[in-house]
Amino acid sequence: MVALSGIDDGDRENQINRLVTYNKGIFVKSIERPVRVTHLLCSGDENTEKMKCAEKFNKKGEADIKLVWEEWFWDCINFGGTNLASGFHSVAPSELRIEVVSQKATTWSRTHGLNQS
């Protein structure tokens with residue numbers, strides 16, 4: 001079950017939603033009790049309320065939400081399965097993160113004929 005944090009682009013959010021669903025995952029907009037979210041895809045430079053909420057649930061033992069950069073998602077899609085999330089943990093950002101995400105989203109869409117609108 002996947003939720004997003006810091007992704008304000010509606011087209012990108014819709015694209016991620018479609019890909020999660022296509023790959024038999026579940027996309028949700030919020031993190032609520034009982035917590036079933038497994039991954040929070042993070043983007044941007046700030047620690048958002050969703051990130052703080054996920055960290056709080058994790059700290060209390062109510063969940064085990066992996067806070068990962070959005071690149072993790074695109075790599076999972078591009079390589080046909082889940083990658084280890086540890087290298088993409090949101091506390092260890094990549095310097096080229098935003099550029100890489102944009103390139104991966106565009107490349108995947110073109111390769112697979114997915115209309116971004």
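Just so it is clear, none of the values below were taken in a lab; they were calculated from the coordinates. On a predicted model such as this, the values are computed, not experimentally measured, just so you know.
The H on the amide N of L67, modeled in the peptide plane, is under 5 Å from the matching H of L40, S90, each at least 5 residues off or on a different chain.
Of the three principal axes defined by the Cα atoms of the range 1-88, the extents in descending order read 34, 24, 24 Å.
Across the range 49-59, computed HN-Hα scalar couplings (Karplus, 6.51 cos²θ - 1.76 cosθ + 1.60, θ = phi - 60°) run 4, 5, 5, 5, 4, 4, 4, 5, 4, 5, 4 Hz from first to last residue, x flagging Gly and Pro.
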